[in-house]
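These notes are about the structure you will find just below.
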Amino acid sequence: MSVITEPASRGNFPKATEGATDAVASDTTIWSTEKPKPTSIEVAREIINSTLGSLDPALRQVNIDLHSNPETAYEEVFAHKVLTSFLEGRGVAVQRHAWGLDTAFEATVGSGGRQVVFCAEYDALPDIGHGCGHNLIATSSVAAFVGAAQVLSELKIPGRLRILGTPAEEGGGGKIKLIEAGAFNPPRDVCAAIMSHPTASGARRNDGQRYDGLAGTRLISSYKMRVEFRGSTSHAAAEPWKGINALDAAVAAYVNVSVLRQQIQPDERIHGVFEVGGTVPNVIPDYTSMKWNVRSPTISSCEALVARVKACLEAGAAAAGCEISYDVAPTYQDLRVNSSLCKAYVQDMAKLGLRIEQEVQVPLEASSDMGNVSHMVPSFHGAFAIPTSPNVSLHSRNFAACAGTNEAHEAAMNCARGMAILAIRLLTDDALAEDVRRDFEMPDPLP
Ligand SMILES: [Zn+2]
Ligand SMILES: [Zn+2]
């Protein structure tokens, strides 16, 4: 089935500049005059449902292919091929290797009007595979794009829908590189950027209630760095006093940070691993490296915390007499919530019989490069619950298994329906688009 089909005479959306969304369909050739006429948004919903219904087997296969072939940051060659081939198979012209990134892609349909961008993530975690369920993110964003594109084509709605394949969310900040390359320029031309992330099912931490998903996810800022310690080797038994022990520097640094952890705010996180810890015990290690994540609610508080962490690391280096150097990755900004986008999504998901929490007030102690996008253009980062057993955590092998089930796929597809209709609303409803812009331009409540 092609996204670019012959437009049918269904529904009657106003032009993007004409305001109200729920205009009554004027076409009476399809809808019986005895029955109430469906509004255009209802017609759009019907088109999305039938499009995604017929594409479901193909999208399920895309999902399975991604899930069974997990690839880490900037190495998502197979996922890039699967996703771009799927879109091209539906008649969409795709720019592969977009914006100078081998595993990024983009495609745009429509013309004129406003622009909505769907972001698709598809990277996995080393050793754990799709323990963050990005196979479901890619599936839901691609499904939302093709569903909304079909509406655009059939109902001749002015506006543009773009899908942006965004690699390396787990590390490497793919969206930050895309921002720097100009993928969101001019920012004023982007009405909204949209994506959603899977989460474990179960009661919410804040109110103990169960929801099918969350519209407004708040995330904290994250600073990532590799730290290297350099000393000199010697025989560990015969002449240890001649060595400068880089492992001692790293161990002392780790202990210092562990001590610091008690003195930080409850919504801050510091976590690190030893990457290189030496080779053999009878040689004093002359080189070690560690990776650290430092998270705090905002970029400014994160920077203040990073200074304290660096003092711990440098004290370890000084104690062992080692040199220290840093390799800093792009900083993930906190994720902003756009209340108007969330409200519209909650309303539309209710029409599917799904209960969505509108927004959380307290940020979750996790981070995403979608945070950087949310400071540049109005952004929606929802979450959809997939069936899991109790106490399953993101970034675990258990969650990776849950992310590959048919039930998880169904949850992703329901989310896609909601995101698709949200995009159509944004293109057709001037009042909503203005509210979304107004929310975005309000001062950030966080310092
Ligand atoms: Zn993750
Ligand atoms: Zn993730």
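What's the FRET efficiency of VAL259 with ALA318 using the Cβ-Cβ distance as r and R₀ = 22 Å, to the nearest 0.05?
After rounding to 0.05, the efficiency reads 0.90.
Determine, for SER374, SER289, the number of other Cβ atoms within 10 Å of each Cβ, and report the residues in order from fewest to most.
SER289, SER374
For helix 246-260, report the angle its Cα long axis makes with the longest principal axis of the Cα atoms of the chain; keep it between 0 and 90° and round to the nearest 10°.
60
With an 8 Å Cα cut-off and a minimum separation of 6 or more residues, compute the relative contact order for segment 221-332 in percent.
RCO, segment 221-332: 46 percent.
What nm distance separates the two modelled labels at VAL362 and ALA236, each placed 7 Å from Cα along Cα→Cβ?
Output for this residue pair reads 4.4 nm.
Give me Rg/Rg_expected for the chain, where Rg uses Cα atoms only and Rg_expected = 2.2 N^0.38 Å with N residues.
In units of the globular-protein estimate, the chain measures up at 1.09.
If neighbour count is taken as other Cβ atoms inside 10 Å, put SER367, SER300 in order from fewest to most.
Going from least to most buried by this count: SER300, SER367.
Give, in nm to one decimal, the length gained when the segment between GLU434 and PHE78 is fully stretched (0.36 nm per residue of separation minus the Cα-Cα distance).
124.2 nm
Could you tell me how many degrees, from 0 to 90 and to the nearest 10, lie between the Cα long axis of helix 299-320 and the main elongation axis, the longest principal axis, of the Cα atoms of the chain?
Rounded to the nearest ten degrees, it is 20.
Using a 10 Å cut-off around each Cβ, can you sort TYR122, TYR287 from fewest to most neighbouring Cβ atoms?
So the residues, fewest neighbours to most, are TYR287, TYR122.
State, as an integer percentage, the relative contact order of the chain based on alpha-carbon contacts under 8 Å between residues 6 or more apart.
Contact order relative to length: 22 percent.
So what's the angle, to the nearest 10 degrees on a 0 to 90 scale, between helix 406-428 and the longest Cα principal axis of the chain?
With both axes taken from Cα atoms, the answer is about 60 degrees.
Measuring from a point 7 Å past the Cα of ASN282 along Cα-to-C-beta, which residues in segment 219-253 have an amide N at less than 14 Å?
Residues 234-240 fall inside that zone.
Picking from GLY182, THR103, VAL362, whose Cα lies most toward the positive end of the charge dipole for the chain (charges on Cβ: Lys, Arg +1; Asp, Glu -1)?
VAL362
How much of the DSSP beta bridge set in the chain is antiparallel, as a percent to the nearest 5?
Looking only at bridges with both residues in the chain, the antiparallel portion is about 65 percent.
Work out the P(r) tail for segment 70-173: percent of alpha carbon pairs separated by more than 18 Å, whole number.
45
Multiply the residue separation of HIS375 and HIS271 by 0.36 nm, subtract the distance between their alpha-carbon atoms, and state the gained length in nm to one decimal.
That pair, HIS375 and HIS271, stretches by 34.9 nm at full extension.
May I ask for the distance between the Cα centers of segment 364-415 and segment 238-312, given as a whole number of Å?
The distance from the Cα centre of segment 364-415 to that of segment 238-312 comes to 30 Å.
Compute the FRET efficiency between SER50 and ASP327 as 1/(1 + (r/R0)^6), taking r as their Cβ-Cβ distance and R0 = 41 Å, and round to the nearest 0.05.
Efficiency, rounded to the nearest 0.05: 0.25.
Between ALA181 and ALA311, what is 0.36 nm times their sequence separation minus the Cα-Cα distance? Round to one decimal in nm.
Result for the pair: 43.4 nm of gain on full extension.
When the chain is modelled as a GNM with alpha-carbon springs shorter than 10 Å, which of PRO266, PRO281, PRO297 fluctuates the most?
PRO281
Every number in this text was worked out from the coordinates using simple rules, so none of it is lab data. Everything quoted here is computed from the prediction, not taken from an experiment. Glycine gets a Cβ as well: all are built from the backbone with ideal geometry, and neighbour counts include every protein chain shown.
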